[in-house]
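A single structure is presented below for examination.
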Amino acid sequence: MTDPNSPERTSRGPQPPKGQKIHKPLEKIISRLRHRDEDKKVVFILSGGANRGACQVGMLRALYDFNIRPDLILGASAGALNGVSFASNPTLEGIDHLEEVWRSMRRETILPPPRFGSTWRYAKKSPSVYQNDNLRHVIQESISIKDLRECEIPVEVVTTKLCTGEAVRFSSGDAVEVLLASTALPGTYPSITIGRDELIDGGVSDDIPLLRAYELGATQVYILYCSSLTETKKSHERPIEAILDSFSLAKKAKLRSDIALLANKVEITLIESPVASDTNWLDFSRSDALILDGYRSAFDAVQRKQLRQVIPTMR
């Protein structure tokens, strides 16, 4: 049996970013990717997913149980929060803590209790429906660092420049402010100003930065996806759910395209969560089920990958 963590080396080495705004040079990350193990450059990509992000806790635990460790973590929105939390404490204790955060989360944990009807909240003259005080508290509870540079595993957090839609990526800076920007769902939470840029949710510009991982020299990518590429017919109880699901459809189309583009260049393991795909966007009561489904999905995905790499001895 071949080593499941040692894919054949690709010819493309780490390349500096082209035409993208980076707030800190990535020489340190690129150097680590180049020198740590020339035959294996493992990148975890954690997608956005709002309340569905709980599934990534189970996925991280399964990958940890298989002794699969990343050289770099890329994340957007809820995936950025989970990624930074794990990168700052990449241990079972760190995963346990993140799991407790998700298990204790309720809708009112993230969204303040309404004083008026939902129609009024979305119709009132204001750049966002909610303030981000509750979200800030969740972020502070989830991470143990002040600056992204303190992470034990290098990270890159995706945000979106409001005026252009351009992806703005951070590997350093105030961790709480960067994560607030990456999770600032347009219209729901206020934008965050960092430097001269007004920033919103990273999922708007690059929810699953697979091409970015390849650009940074990844040879092996694990995508922790808070949904499933399997098409399902859904009904919606609220207009906001229909809006978010439409947003998700565009992301799925891009993910399929990116995977097809890199299929022969990077070893990609896509970990999907069927339970997450069927969970309503405002339902925070299913964290236990999401975490368990994430674990099972990642476990199965890695097992299938290992079976594909078995060299048969009998014909």
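Do any residues in the stretch 138-156 that are of a type outside the set (S, T, N, Q) have Cβ atoms under 8 Å from those of residues that are modelled with pLDDT under 95 and in a helix (DSSP H, G or I), where the two are at least six apart or on different chains, and which pairs are they?
Between residues of the stretch 138-156 that are of a type outside the set (S, T, N, Q) and residues that are modelled with pLDDT under 95 and in a helix (DSSP H, G or I), the close pairs are VAL138/THR109; VAL138/ILE110; PRO154/LYS28; PRO154/ILE29; PRO154/ARG32; GLU156/ILE29.
Return the residue satisfying two criteria in turn: it lies in the stretch 69-101 and is assigned to a loop (DSSP other than H, G, I, E, B) and touching a helix residue (DSSP H, G or I) at 6+ places or on another chain (Cβ under 6 Å), and of such residues it is nearest to TYR222 (Cα to Cα).
In this case the residue turns out to be ASP71.
Considering only the stretch 243-272, how many residues are within 22 Å of ASP300 (Cα to Cα) and surrounded by 13 or more Cβ atoms within 10 Å (Cβ to Cβ)?
10
I need the full set of residues from the stretch 240-272 which are hydroxyl-bearing (Ser, Thr, Tyr) and either modelled with pLDDT of 95 or more or more than 12 Å from LEU229 (Cβ to Cβ) (or both), in order please.
SER246, SER257, THR269
Which of the residues belonging to the stretch 287-307 are open to solvent by 80 Å² or more (accessible area, probe 1.4 Å) and charged (D, E, K, R)?
The answer is ASP288, ARG296, ARG304.
Show the residue pairs meeting these rules: Cβ distance below 9 Å; 6+ apart or different chains; first residue within the stretch 244-265 and of a type outside the set (Ser, Thr, Tyr); second residue open to solvent by 60 Å² or more (accessible area, probe 1.4 Å) and in a helix (DSSP H, G or I).
Sorted first by the residue in the stretch 244-265, then by its partner, the pairs are PHE247/VAL204; ASP258/LEU211; LEU261/LEU211; LEU262/LEU211.
Follow-up question, since we're still on this one. Look at the stretch 146-189 and say how many of its residues are part of a loop (DSSP other than H, G, I, E, B), farther than 16 Å from LEU74 by Cβ, open to solvent by less than 20 Å² (accessible area, probe 1.4 Å) and of a type in the set (A, V, I, L, M, F, W, C).
Final tally of qualifying residues: 1.
The values are calculated or read from the model by the stated rules, or taken from the named source; none is laboratory data. Keep in mind that this is a model prediction, so the values were computed, not measured. Note that we place each Cβ from the backbone using ideal geometry, even for glycine, and neighbour counts take in every protein chain shown. Surface accessibility is based on the protein's heavy atoms, side chains included, excluding ligands, DNA and RNA. Shrake-Rupley method; radii C 1.70, N 1.55, O 1.52, S 1.80 Å.
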